[in-house]
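Below is one structure, written out as structure tokens; comments come after it.
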Amino acid sequence: MLALSQADVFYGRAQALHALDLGVAPAEIVAMVGRNGAGKSTALKALAGLLSLGAGRRLLDGRDITGLAPHRTSRAGVALVPEDRQIFGNLSAEENLDLAAVSHRPGPWTKARVFALFPRLAERARARGLTLSGGEQQMLAIGRALMTNPRYLLLDEPTEGLAPVVVAQMCNAIAAIARDGVGILLVEQNAKVPRLLARRFLVVDGGRITWEGTDAADIDERFNPMNAVH
Amino acid sequence: MSTLIIGLSISMLLFLLAAGLTLIFGMLGVINFAHGALYMLGAYLAFQAHATFGSFWPALIVSPLCLAAAGLAIERLTLRPLYPRTHEFQLLATFGLILVIEEVVRVVWGLDYRHLTPPPGLTGSVALFGSDIARYRLFVIGFGAAVIAALFFGIERTKLGLVLRAASVNPTMAATLGIDVNLVRSLVFALGAGLAGIGGTIAGPLLPIQLSMGFTIILDCFIVVVIGGLGNIKGAVFGALLIGMTRAFGQLYAPEWIDIATYVVLLAVLLVRPQGLFAAKERLA
């Protein structure tokens with residue numbers, strides 16, 4: 001279980017998360033949906049160790065990792081795919097993958113396996129990161145995270161701005177990764193993709209969890225008050 | 001012909017320092033004012049090693065290693081606590097280092113000029129293309145070229161180079177992938193200091209070893225780095241060649257105008273390409 005317990009996060013004096021509780025278990029896909037600025041990315045960054053907690057704890061398989069630095073968090077088995085992908089534009093696609101393996105012991109994920117999951121990356125292996133299309137960059141960002149052999153994968157809007165055919169491909173890949181035993185926390189601004197993948201849903205608003213459940217049928221109304229009015 | 005050789009040997013010396021400066025800036029975001037002082041310390045340590053072991057070659061190993069170790073300590077003790085602060089703090093810290101290093105050198109070695117003799121086999125000169133050329137200068141050129149090749153290989157083909165290229169562009173993402181960015185910063189500063197140690201040792205037989213030697217060369221090195229584009233090794237190579245040649249040919253034709261000439265070259269480059277000759281949108285190292 002990777003979890004935040006009663007976590008407060010501040011940007012300067014502005015509080016972004018209020019006593020947030022959330023957790024994801026191995027092989028589980030949990031979806032966190034909410035509006036822009038609701039605190040979804042903040043929660044992921046806090047889990048990855050990129051933001052420190054003002055209060056509360058961060059837990060990994062029962063161990064308190066509240067103060068663990070980002071690189072140690074990664075080595076402990078938590079991988080983040082950030083919203084803007086953050087591909088190294090000056091490195092080739094293959095070098096982006098190699099880089100992620102540098103600080104990690106070998107595990108089930110290898111370059112060959114990433115290329116099998118995203119065949120398009122194999123074709124573009126020598127291309128510099130900044131020449132990749134949005135879809136290719138997203139595949140590379142996920143492949144790169146997998147190269148760290150994570151036990152938990154944090155995906156920040158992985159289908160944002162992608163063509164429908166690529167979105168479908170991405171959904172298949174995410175489902176396959178979870179079947180492999182990796183716990184996935186999936187963040188999206190709407191419930192379209194989460195509904196296809198997740199069993200458990202969290203709605204976040206104003207840095208708080210406002211709804212939690214397994215029935216995604218009317219989730220759009222729950223997380224977007226504007227919809228409820230109509 | 002001998003002017004060309006002199007120019008190339010000056011270029012190599014400039015490159016050894018400029019490469020360290022540009023690597024440190026690329027990875028740490030710090031302009032290391034103390035780089036000239038490290039080079040000067042390297043020359044004195046080489047002198048001491050030469051006196052102790054009775055040969056030039058041990059000095060070429062001992063001095064860079066000592067400088068690299070000093071670099072590790074300096075980064076950890078003086079720069080690391082200042083990364084969260086603004087650039088002025090780091091500039092002041094490296095400026096303070098100059099004062100400390102100069103004082104240490106003055107106390108240990110005094111104010112007398114020292115010099116190194118070139119190793120046996122590299123003394124005297126050879127006739128080449130109709131002119132007499134100092135053997136030691138040929139060695140400096142060959143050695144400098146080897147260091148350039150090793151740096152390019154290291155940056156482009158090794159894991160450490162890969163980490164360096166990534167972490168200098170986006171340290172946060174590198175850390176998210178498990179890279180210990182603080183360790184990378186320490187290693188890069190140690191590498192830069194080690195290169196300054198190599199430079200100081202190499203300079204020993206060419207120039208008098210004295211307290212002000214670092215200050216004299218570091219201005220040229222800043223010009224080299226700015227011409228090449230900050231944070232860029234390829235730029236440092238070409239900048240060093242440009243300034244080294246300007247110095248050598250200036251010495252031949254108009255010695256009193258040399259300093260002006262180097263600034264004219266700098267101005268000309270900045271007018272045409274304000275970002276430096278090789279600066280890309282993203283840094284190479």
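Observations on the structure shown:
- Any chance A:Glu83 is within 14 Å of another protein chain (Cβ to nearest Cβ), over 25 Å from B:Leu160 (Cβ atoms) and either surrounded by fewer than 21 Cβ atoms within 10 Å (Cβ to Cβ) or in contact with a helix residue (DSSP H, G or I) (Cβ under 6 Å, 6 or more places away or on another chain) (or both): yes
- Extreme residue, farthest from B:Phe47 (Cα to Cα), among residues of region B:104-120 that are open to solvent by 60 Å² or more (accessible area, probe 1.4 Å) and assigned to a loop (DSSP other than H, G, I, E, B): B:Pro120
- Taking the numbered list (1) under 20 Å from A:Ala116 (Cα atoms); (2) buried (at least 18 other Cβ atoms within 10 Å of the Cβ) in turn, A:Val187 passes all entries but (1).
- Criterion violated by A:His71 - all others in (1) under 30 Å from A:Leu162 (Cβ atoms); (2) surrounded by fewer than 20 Cβ atoms within 10 Å (Cβ to Cβ); (3) free of Cβ contacts under 8 Å to residues at least 60 places away in the same chain satisfied: (2)
- Of all residues in region A:53-71, none satisfies the criterion of being at pLDDT below 95 and within 14 Å of another protein chain (Cβ to nearest Cβ).
- Residue within region B:173-181 that is within 14 Å of chain A (Cβ to nearest Cβ), at pLDDT 95 or above and touching a Gly at 6+ places or on another chain (Cβ under 9 Å) present: yes
- Whichever residue in region A:94-133 is touching a Lys or Arg at 6+ places or on another chain (Cβ under 7 Å) and within 13 Å of chain B (Cβ to nearest Cβ) and, among such residues, is farthest from B:Ala175 (Cα to Cα): A:Glu94
- Candidates A:Leu130, A:Leu154: the one that is open to solvent by 50 Å² or more (accessible area, probe 1.4 Å) and hydrophobic (A, V, I, L, M, F, W, C) is A:Leu130.
- Failed item, numbered, when A:Asn90 is tested on (1) modelled with pLDDT of 95 or more; (2) touching a strand residue (DSSP E or B) at 6+ places or on another chain (Cβ under 9 Å); (3) within 12 Å of another protein chain (Cβ to nearest Cβ): (1)
- Filtered residues of region B:191-215 (kept if open to solvent by less than 10 Å² (accessible area, probe 1.4 Å) and either in contact with an Asp or Glu (Cβ under 9 Å, 6 or more places away or on another chain) or more than 30 Å from B:Leu111 (Cα to Cα) (or both)): B:Ala193, B:Gly214
- Any hit, region B:134-144, residues being more than 14 Å from chain A (Cβ to nearest Cβ), over 25 Å from B:Gly214 (Cβ atoms) and among the β-branched types (Val, Ile, Thr): no
- Residue in region B:222-235 that is modelled with pLDDT of 90 or more, more than 14 Å from every other protein chain (Cβ to nearest Cβ) and open to solvent by 70 Å² or more (accessible area, probe 1.4 Å) present: no
- Filter pass, B:Thr123 being open to solvent by 50 Å² or more (accessible area, probe 1.4 Å) and touching a Pro at 6+ places or on another chain (Cβ under 7 Å): no
- Within this structure, B:Ile148 passes the test of being more than 10 Å from chain A (Cβ to nearest Cβ) and part of a helix (DSSP H, G or I).
- Selection from region A:33-85 of residues that are within 19 Å of A:Val203 (Cβ to Cβ), in contact with an Asp or Glu (Cβ under 6 Å, 6 or more places away or on another chain) and not in a helix (DSSP H, G or I): A:Val33, A:Gly34, A:Ala38, A:Glu83
- Of the residues making up region A:117-135, none is among the polar types (S, T, N, Q) and under 18 Å from A:Pro150 (Cβ atoms).
- Of all the listed residues (A:Ala168, A:Ala178, A:Ala127), the sole one being without any contact (Cβ under 8 Å) to a residue 12 or more places away in the chain and of a type in the set (Gly, Ala, Ser) is A:Ala168.
- Applying the set (1) part of a helix (DSSP H, G or I); (2) within 23 Å of the chain's Cα centre (by Cα); (3) touching a residue at least 40 places away in the same chain (Cβ under 8 Å); (4) away from chain A (no Cβ under 14 Å) to B:Leu99 leaves exactly one unmet item: (3).
- The number of residues in region A:15-32 being open to solvent by less than 60 Å² (accessible area, probe 1.4 Å) and over 25 Å from A:Asp215 (Cα atoms) comes to 1.
- Checking region A:163-178 against the condition returns no match, with no residue being under 16 Å from A:Gly34 (Cα atoms), part of a loop (DSSP other than H, G, I, E, B) and either in contact with a strand residue (DSSP E or B) (Cβ under 8 Å, 6 or more places away or on another chain) or modelled with pLDDT of 90 or more (or both).
- With respect to the conditions (1) crowded, with 19+ Cβ neighbours inside 10 Å; (2) in a helix (DSSP H, G or I), B:Asn32 lacks only one, and its number is (2).
- Looking across region A:192-217, the residues that are over 12 Å from A:Leu22 (Cα atoms), surrounded by 22 or more Cβ atoms within 10 Å (Cβ to Cβ) and hydrophobic (A, V, I, L, M, F, W, C) come down to A:Val193, A:Ala198.
The values are calculated or read from the model by the stated rules, or taken from the named source; none is laboratory data. None of these values were measured; they are calculated from a predicted model. Because the Cβ atoms are built from the backbone with ideal geometry, glycine has one as well, and the counts that use them run over all protein chains shown. These accessible areas exclude ligands, DNA and RNA; they are computed on the full protein's heavy atoms, side chains included. Shrake-Rupley method; radii C 1.70, N 1.55, O 1.52, S 1.80 Å.
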